[in-house]
Amino acid sequence: MPVKVIDLFAGAGGFSTGAELAGCNVVWAANHWPEAVEWHARNHPDTQHLCQDLHQADWSQVPAHDMMLASPCCQGHSKARGKAKGNPQHDASRSTAWAVVSAAEYHRPPVVIVENVPEFLEWQLYRPWELAMQALGYSASPYIIDAADFGAPQNRIRMFLVLTRSKAPILLNLPKLPHKPASSFIDFDSGKWSPIHKPGRSKATIARVESGRRKFGDRFIMPYYSSGSGKTGRSLDRPIGTITTRDRWAVVDGDRMRMLTRFECRDAMSFPDTYQLPDNHRLAVHLMGNAVCPEPVSRIIQAVQEAA
């Protein structure tokens, strides 16, 4: 029988998709964002869905399961967003992690896997949170991984906390894989191209393009918005940098350039090429940038099953 899985804070469905790639059956998924639930449901039609703030969830209505996956809100932990002390919005986002304790208290699944940014482990309330899970019989084993090492063509550092109902934390065998380059998903025949030297293009962008050309030639990728990858961008022969919830990466091809398409963002996240996305580019990019990379999830779940 396939392992039955539930997915808390399911978003666009990266955790669920990774579980399915590992042979699991995702029986229930929940998120507070209606658009995320809509697109999760389109891609996982056999899964029961709930659109609700999980602080108010009735766990008695959730199907029995063998594994709980959860991606509590990361913005309150991430250094990328900054977190002013006492910021009520960040405090509220960090508190979503307590829904995991509440669900685990009711159902006591053998395995719980929590995904977040590495700073989750530095949260002031992480130790009380971990003690609460220990009180329920769980041992915690954190793994900080780069998605590029486990099947995604993207450098994306995330923390996966594997909690098992065992006396000691389990040790996973996670051999690293060869990196997939950005060239594996960039389609030079698609997207909306524009001349590099068009009116209004910033001097900083032009300078970055010129630096990239000197280092990589006519074709490369570079951050158009935000920072990262220095002033030269990066080669198509290595994974792309982190996909975010807003347009960030530009593709340069000779005298033209464009932003990544929503389908390239999907492929960079390691979703299957059959995964449906909204036509609205901004919404699709937001869903992908907020997701979990499915391929690394699949390998983590397989390692958990092997270690059990």
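The values are calculated or read from the model by the stated rules, or taken from the named source; none is laboratory data. What you see is a predicted model; the values in this text were computed from it and never measured. With ideal geometry, Cβ positions are generated from the backbone for all residues, glycine too; neighbour counts draw on all protein chains shown. The protein model used for the area step is the full one, side chains on, heavy atoms only, and it has no ligands, DNA or RNA in it. Shrake-Rupley method; radii C 1.70, N 1.55, O 1.52, S 1.80 Å.
Computed quantities for the displayed model
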{"quantity": "Residues of the stretch 1-57 satisfying the condition of being open to solvent by less than 40 Å² (accessible area, probe 1.4 Å), without any contact (Cβ under 8 Å) to a residue 60 or more places away in the chain and either closer than 18 Å to His107 by Cβ or charged (D, E, K, R) (or both)", "calculated": "Ser16, Val26, Val27, Trp28, Ala29, Ala30, Thr47, Leu54, Ala57"}
{"quantity": "Residues located in the stretch 62-113, provided they are open to solvent by 50 Å² or more (accessible area, probe 1.4 Å), in a loop (DSSP other than H, G, I, E, B) and modelled with pLDDT of 95 or more", "calculated": "Ala64, Asp66, Arg108, Pro110"}
{"quantity": "Which numbered condition Asn155 fails, given (1) among the polar types (S, T, N, Q); (2) out of contact with any Gly (no Cβ under 8 Å at 6 or more places or on another chain); (3) modelled with pLDDT of 95 or more", "calculated": "(2)"}
